Structure formats: C-alpha cells, structure tokens
Amino acid sequence: MMQTIDSLSDPDLHRMWKIIQDIPDPEIPVISIGELGMVRDISKHSSGWLVKFTPTYSGCPATEMIMGDIKQRLNSEGFHNVQVEVQLEPAWTTDWMQDSSKRKLREYGIAPPDRKACMHTAINAQPQCPHCGSENTKLVSEFGSTACKAHFKCISCLEPFDYFKCI
C-alpha cells in the first residue's frame with residue numbers, strides 16, 4: 001500500500017516522496033507520476049534505496065523512461081544507489097489518480113475517467129467534452145493517442161478529444 005507524504009517520519013523518505021511526486025508523466029506532461037498514483041513504495045536498504053512503482057499498464061512503452069527519470073531525479077538531489085522496481089500487483093487503476101490530475105487532464109483537453117474502474121466497461125459511451133462541457137459526444141476510436149485513451153468527437157462544439165479510459 002502506498003504511503004502518504006504526511007505520514008513519513010524519516011526526513012530523507014519524506015524528501016524523496018516530494019521529489020518523485022513532481023516527475024511528469026512522459027506521455028501527459030501536465031500530470032505527474034505521483035498524481036497518477038504510480039509510485040507505490042520507497043524504502044531504505046543497507047546498499048541504498050528501493051523505489052517501487054506500478055506503470056499504468058504492463059506494456060506501457062514509457063516504463064523504462066519513467067524508471068530512468070526516477071533514478072536521474074533522485075541522483076541529482078543527492079540520493080545515490082537508487083534501484084527502481086516495477087510492481088505489477090496490484091495492477092494500476094485509474095482509481096489511484098488524484099483529483100488534481102483529473103482536473104489537469106480536463107484543462108489540457110483530455111476527458112478524465114469519470115467513474116470507478118470496476119464498472120462494466122473501460123470506455124464511457126458519452127464522456128463530457130473537456131472543451132465545452134457537453135455530453136453530446138461520439139466515440140471515434142477505442143484507441144486514442146496512447147493505448148490508455150479512446151478518441152472522441154464532441155457533437156456540440158465539433159472538437160476532437162481523448163478520453164482517459166477507466167482501467
């Protein structure tokens with residue numbers, strides 16, 4: 001289970017969490033891997049540090065980049081011997097996203113997931129348009145600019161947009 005920054009008593013762990021919380025997602029740079037809930041744990045070992053994170057899906061092409069970003073950012077802040085480990089269980093879910101990331105997605109032009117991931121389908125039939133707010137939208141493709149998004153068109157304002165699927 002993910003620790004919260006405020007519950008940490010070790011100053012180094014607290015600082016590491018704050019540093020990692022600000023690393024942008026490489027595919028959607030307006031939100032961070034922290035806001036997405038991808039960082040699961042940080043622990044200190046005799047030989048250094050271990051960071052566990054869960055990618056948004058097991059085949060995410062940005063996994064290696066995120067691992068490198070975590071190591072580079074922590075090294076530049078004075079933390080050395082950092083190992084990053086992928087933790088696939090439990091699988092990442094959009095339920096781990098912070099409300100701030102959903103707001104930022106909408107402002108960026110991506111409709112955020114609008115319900116719990118355990119609902120019947122990953123794709124909402126008519127998500128709210130992030131441009132005009134209309135629910136009069138139409139699915140264009142189940143796959144958008146990345147595998148975790150679907151592509152929609154707003155019938156009201158005619159703008160295309162991605163919808164971040166409930167996973």
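The values are calculated or read from the model by the stated rules, or taken from the named source; none is laboratory data. Since the model is a prediction, treat every value here as computed from it, not as a measurement. Neighbour counts are summed over all protein chains in view; Cβ atoms, including those assigned to glycine, are modelled from backbone coordinates with ideal geometry.
Within the range 32-73, the set of residues being buried (at least 16 other Cβ atoms within 10 Å of the Cβ) and in contact with a Pro (Cβ under 8 Å, 6 or more places away or on another chain) comprises Ser32, Ile33, Met38, Thr54, Ala62, Thr63, Ile66, Asp69. In this structure, is Ala62 small (Gly, Ala, Ser) and in the same structural domain as Glu159 (by TED's automatic domain parsing)? Judged against the criteria, Ala62 is not a match. Working only within the range 138-167, note down all residues that are within 22 Å of Ala62 (Cα to Cα), exposed (fewer than 15 other Cβ atoms within 10 Å of the Cβ) and touching a residue at least 12 places away in the same chain (Cβ under 8 Å). Matches in the range 138-167: Glu142, Ser145. Within the option set Glu35, Glu89, Glu64, being in contact with a helix residue (DSSP H, G or I) (Cβ under 7 Å, 6 or more places away or on another chain), at pLDDT 90 or above and not small (Gly, Ala, Ser) holds for one residue only, Glu35.
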